[in-house]
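The values are calculated or read from the model by the stated rules, or taken from the named source; none is laboratory data. The structure presented is a predicted model; accordingly, all values stated were derived computationally and were not measured. Heads up, the Cβs are rebuilt from the backbone with ideal geometry, glycines too, and the neighbour counts pull from every protein chain shown. Remember, those area values only see protein heavy atoms, side chains included, never the ligands or the DNA or RNA. Shrake-Rupley method; radii C 1.70, N 1.55, O 1.52, S 1.80 Å.
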Amino acid sequence: MTESEPKSAKASEISLNQLMLPEHANALGNVHGGVIMKMVDEAGAIAAMRHAQKPCVTIAIDSMTFKQPVHVGQLMVCQARVTFVGRSSIEVQILVHAENLLTREVTHTNSAYAVYVSLGSDGRSSAAPPLLLETDDDKTLFDAGAERQQRRTAR
Ligand SMILES: CC(C)(COP(=O)(O)OP(=O)(O)OC[C@H]1O[C@@H](n2cnc3c(N)ncnc32)[C@H](O)[C@@H]1OP(=O)(O)O)[C@@H](O)C(=O)NCCC(=O)NCCS
């Protein structure tokens, strides 16, 4: 596969899972927002690097709202999928779920969009492969991602 050959979102999507322990939480047993944000960023960075096959750094993380708590003893699941690629910028959607391992009940706790930049050997931004849009869903996500990226860079 050449560097400029388009790649699908499916080819780089990942799920990063971790059991939440007391060290991740406050006294109420709710997982710290910072722990969730770190895992979100890691999942996004992995998807971006899988897509670019180059080192990637985080340039932006959109605001995050914690709608539902993640509790100690639950499995935190971060699903990351590339939604938009510019030249070197790669937007990744990260969906966060908490799974109760005893009941298998799954709660969607929050979502985030983060942007990564693929780097060349000089440490500057370097082109990433274009995103291959295979489905209507891919196209919808890409168009929305392009609009978000336009707003981010205009700021
Ligand atoms: C990422 C970095 C290398 C980019 O520097 P650069 O080579 O001068 O970057 P450019 O000006 O070419 O911009 C790179 C891309 O970022 C995009 N970008 C710039 N500002 C942005 C923002 N606020 N939000 C989202 N994307 C942004 C640009 O539009 C460009 O995208 P494109 O190539 O798809 O058009 C540099 O900003 C950096 O080192 N930042 C620190 C990263 C970091 O430490 N992150 C935390 C740890 S991973």
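Structure data summary
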quantity: Cβ-placed point charges (K, R +1; D, E -1), dipole of the chain about Cα centre in debye, nearest 20; calculated: 320
quantity: Crossing angle, helix 136-154 versus the chain [Cα axis fit, 0-90 degrees, rounded to tens]; calculated: 80
quantity: Near-label residues of the range 32-48 by backbone N, under 18 Å of a point 7 Å along Cα→Cβ of residue 60; calculated: 41, 44-45, 48
quantity: Between helix 33-52 and the chain: long-axis angle, C-alpha atoms, 0 to 90°, nearest 10; calculated: 30
quantity: Heavy atoms of residue 139 accessible to a 1.4 Å probe, total area in Å² rounded to 10; calculated: 90
quantity: Coil-residue trypsin sites (Lys or Arg not before Pro) of the range 57-119, DSSP, other Cβ within 10 Å capped at 12; calculated: 67, 87, 104
quantity: Alpha-carbon centroid distance for the pair the range 53-75 / the range 11-32, whole angstrom; calculated: 10
quantity: Net charge of neighbours whose Cβ lies under 15 Å from the Cβ of residue 108, counting Lys and Arg as +1 and Asp and Glu as -1; calculated: +1
